[in-house]
Amino acid sequence: MDSLTQIVLGAACGEAVLGKKIGNKALLFGAIGGTIPDLDVFIGPWLYSNEIQAMAFHRGFMHSIWFAIMGTFVFGYLAFKLYDTGKRKGTTALKDWRWLFFWALLTHPILDCFTPYGTQLFGPIWDYRIAFNNIAVADPMYTVPFLLCLIILMFFNRKNPKRKLWLKLGLGISSAYMLFTVGNKLYINSIFKSSLEASDIAYSRFRSQPTILNNVLWYAVAETETDYHFGFYSLLDKEPKVKNWLKVAKSDSGLPMDDNDLKTLVWFSDGYYFIKPSDDQGTYVYKDVRYAPVNPNDADSFLFSFKLYQLEGRWDMKNSGPDFEEEPTFQSLFGPMIERMKGI
């Protein structure tokens, strides 16, 4: 999920393990531990000059169980040595710090698995990207109550039992909301499936996920032999069905899709993509259709897209986006999605 949410969850892990011994400092160290896996977004470009491979590195090894185990010993030892000095010497044990970083590093990728992006929890042994698709990458309903509970507990003495109460409350509210999103996805999936059947769309596979920052408006894409069909459903819709499916044809770009870098991009998209020529000669626009278009009524407004080009004999990419006739404003960019969320 987003960095703020991972900081909050990591801080909660720190409080649970060491809060009674070192107070608010446990929140700080836990937050640091919860941030470490996402540093792969900076390490990837340092390791790879190719943007496709750098992007694929994110939520890879540094989001795996094995990294959490290794990091437990490395970061636990470093934090213990940093803290166990002067007047603080002997107030904590090495095993405390190991447990703090173990939970902070492990809960990070587990939480990411619930989002649509995909997480290589068992990488590099298995490169399968786990994605349950039941909560958006950023969802204030999960994060804000959790954050408020941690802020409140900071004002109590480290030995005050109310700290534990507020920690449990924060964990409880966020976990309850997560369970709601799982149940909500099951309900939404049933609506999408029945709507596809009613529309006589013989799909080979489909996936659904909430749109960004909410669990009210959902997006689904269904794949057939020749096309992608995508639609939206809001919990505020008057009828439990998708009334309008937009269609995008699968395009044969003529690109060598067995190329190692292009195969990586297809793997990243789980095969949900289409390619079309760009206005610049020799370049192409790659659209990842797992993620919703910014305009529910515009099949060409997919925000998650890249421009492909060749650099020194290899296919590379740079971020691209939908073409806007003029400089986009908040209303022009998010207005259609907000209106669709209100229901039809």
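The values are calculated or read from the model by the stated rules, or taken from the named source; none is laboratory data. Keep in mind that this is a model prediction, so the values were computed, not measured. FYI the Cβ positions are ideal-geometry reconstructions off the backbone, even for glycines, and counts take in every protein chain you see. Only protein heavy atoms, including side chains, enter the accessible area calculation; ligands, DNA and RNA are left aside. Shrake-Rupley method; radii C 1.70, N 1.55, O 1.52, S 1.80 Å.
Testing Val242 on (1) touching a strand residue (DSSP E or B) at 6+ places or on another chain (Cβ under 6 Å); (2) at pLDDT below 95; (3) aliphatic (A, V, I, L, M), one condition comes back false. Which one is that?
(2)
Among the residues of region 196-211, which ones are under 18 Å from the mean Cα position of the chain (by Cα) and open to solvent by 60 Å² or more (accessible area, probe 1.4 Å)?
The initial filter retains those residues of region 196-211 that are under 18 Å from the mean Cα position of the chain (by Cα), namely 207-211.
If the condition is that a residue be under 18 Å from the mean Cα position of the chain (by Cα) and open to solvent by 60 Å² or more (accessible area, probe 1.4 Å), then no residue fits.
Picking from Leu100, Leu111, which residue would you name as being surrounded by fewer than 21 Cβ atoms within 10 Å (Cβ to Cβ) and not β-branched (Val, Ile, Thr)? Talk me through it step by step, then tell me what you get.
Numbers: Leu100 fails: surrounded by fewer than 21 Cβ atoms within 10 Å (Cβ to Cβ).
None of the other options fit; the residue is Leu111.
On the given criteria, is Leu28 open to solvent by 10 Å² or more (accessible area, probe 1.4 Å), within 22 Å of the chain's Cα centre (by Cα) and of a type outside the set (Phe, Trp, Tyr)?
No.
In the set Tyr284, Tyr273, which member is more than 23 Å from Ala220 (Cα to Cα) and in contact with a strand residue (DSSP E or B) (Cβ under 7 Å, 6 or more places away or on another chain)? Before you say what the answer is, go through the steps one by one.
Values: Tyr273 fails: more than 23 Å from Ala220 (Cα to Cα).
Step by step, each of Tyr284, Tyr273 is checked, and only Tyr284 is more than 23 Å from Ala220 (Cα to Cα) and in contact with a strand residue (DSSP E or B) (Cβ under 7 Å, 6 or more places away or on another chain).
Considering each residue of region 212-234, count those that are in contact (Cβ under 8 Å) with a residue 40 or more places away in the chain, hydroxyl-bearing (Ser, Thr, Tyr) and either within 17 Å of Lys250 (Cβ to Cβ) or open to solvent by 10 Å² or more (accessible area, probe 1.4 Å) (or both), and give that number. Working first, answer last.
To start, the set of residues in region 212-234 that are in contact (Cβ under 8 Å) with a residue 40 or more places away in the chain comprises 212-217, 219, 221, 223, 228, 230, 232-234.
Now narrow it down to the ones that are hydroxyl-bearing (Ser, Thr, Tyr): 219, 228, 233-234.
Okay, now just the ones that are also either within 17 Å of Lys250 (Cβ to Cβ) or open to solvent by 10 Å² or more (accessible area, probe 1.4 Å) (or both), so 228.
Of the residues in that region, 1 qualify.
List every residue pair whose Cβ atoms lie under 6 Å apart, where the two residues are 6 or more positions apart in sequence or sit on different chains, the first residue falls within region 18-38 and is in contact (Cβ under 8 Å) with a residue 60 or more places away in the chain and under 22 Å from Asp2 (Cβ atoms), and the second residue, located anywhere, is aromatic (Phe, Trp, Tyr) and crowded, with 19+ Cβ neighbours inside 10 Å.
Close Cβ pairs (under 6 Å, with a partner that is aromatic (Phe, Trp, Tyr) and crowded, with 19+ Cβ neighbours inside 10 Å) amount to Gly33/Phe101.
On the given criteria, is Leu39 surrounded by fewer than 21 Cβ atoms within 10 Å (Cβ to Cβ), under 30 Å from Asn319 (Cα atoms) and either of a type in the set (A, V, I, L, M) or within 17 Å of the chain's Cα centre (by Cα) (or both)? Step through it out loud before you land on a result.
Values: surrounded by fewer than 21 Cβ atoms within 10 Å (Cβ to Cβ): yes; under 30 Å from Asn319 (Cα atoms): yes; either of a type in the set (A, V, I, L, M) or within 17 Å of the chain's Cα centre (by Cα) (or both): yes.
Considered against the rule, which asks whether it is surrounded by fewer than 21 Cβ atoms within 10 Å (Cβ to Cβ), under 30 Å from Asn319 (Cα atoms) and either of a type in the set (A, V, I, L, M) or within 17 Å of the chain's Cα centre (by Cα) (or both), Leu39 comes out as yes.
Give the number of residues within region 279-293 that are at pLDDT below 90 and either among the polar types (S, T, N, Q) or open to solvent by less than 20 Å² (accessible area, probe 1.4 Å) (or both).
Counting residues in region 279-293 that are at pLDDT below 90 and either among the polar types (S, T, N, Q) or open to solvent by less than 20 Å² (accessible area, probe 1.4 Å) (or both) gives 1.
Looking only at region 44-62, count how many residues are part of a helix (DSSP H, G or I) and either among the basic types (Lys, Arg) or touching a helix residue (DSSP H, G or I) at 6+ places or on another chain (Cβ under 7 Å) (or both). Steps first, please.
Our first condition is that a residue be part of a helix (DSSP H, G or I); within region 44-62, this holds for 44-47, 51-57, 61-62.
Checking which are either among the basic types (Lys, Arg) or touching a helix residue (DSSP H, G or I) at 6+ places or on another chain (Cβ under 7 Å) (or both) leaves us with 44-45, 47, 52-57, 61-62.
Selection size over region 44-62: 11.
Just one of the numbered conditions (1) of a type outside the set (Asp, Glu); (2) surrounded by fewer than 18 Cβ atoms within 10 Å (Cβ to Cβ); (3) over 23 Å from the mean Cα position of the chain (by Cα) is not true of Ile275; which one?
(2)
Do we find a residue being small (Gly, Ala, Ser), surrounded by fewer than 17 Cβ atoms within 10 Å (Cβ to Cβ) and either within 18 Å of the chain's Cα centre (by Cα) or at pLDDT 95 or above (or both) anywhere in region 130-148?
yes
Let me confirm something: among Phe156, Phe232, which residue is within 30 Å of Val17 (Cα to Cα), touching a Lys or Arg at 6+ places or on another chain (Cβ under 8 Å) and at pLDDT 95 or above?
Working: Phe232 fails: within 30 Å of Val17 (Cα to Cα).
Every option except Phe156 fails the conditions.
If Tyr291 satisfies every condition in (1) in a loop (DSSP other than H, G, I, E, B); (2) of a type in the set (Phe, Trp, Tyr); (3) closer than 23 Å to Arg59 by Cβ; (4) in contact with a Ser or Thr (Cβ under 7 Å, 6 or more places away or on another chain) but one, which is the exception?
In the conditions (1) in a loop (DSSP other than H, G, I, E, B); (2) of a type in the set (Phe, Trp, Tyr); (3) closer than 23 Å to Arg59 by Cβ; (4) in contact with a Ser or Thr (Cβ under 7 Å, 6 or more places away or on another chain), Tyr291 misses (4) alone.
Answer yes if at least one residue in region 325-335 is charged (D, E, K, R) and in contact (Cβ under 8 Å) with a residue 12 or more places away in the chain, and no otherwise.
Of all residues in region 325-335, those charged (D, E, K, R) come to 325-327.
Narrowing the set further to residues that are in contact (Cβ under 8 Å) with a residue 12 or more places away in the chain leaves none.
Scanning region 325-335 turns up no residue that is charged (D, E, K, R) and in contact (Cβ under 8 Å) with a residue 12 or more places away in the chain.
Out of (1) at pLDDT below 95; (2) open to solvent by less than 10 Å² (accessible area, probe 1.4 Å); (3) acidic (Asp, Glu), what's the single condition that is false for Asp127?
(2)
Could we say that Lys276 is touching a Lys or Arg at 6+ places or on another chain (Cβ under 9 Å) and among the basic types (Lys, Arg) here? Walk me through it before giving the result.
Values: touching a Lys or Arg at 6+ places or on another chain (Cβ under 9 Å): yes; among the basic types (Lys, Arg): yes.
It is true that Lys276 is touching a Lys or Arg at 6+ places or on another chain (Cβ under 9 Å) and among the basic types (Lys, Arg).
What is the residue count in region 69-117 for residues that are in contact with a helix residue (DSSP H, G or I) (Cβ under 8 Å, 6 or more places away or on another chain) and either hydroxyl-bearing (Ser, Thr, Tyr) or closer than 29 Å to Asn214 by Cα (or both)?
The qualifying residues number 15.
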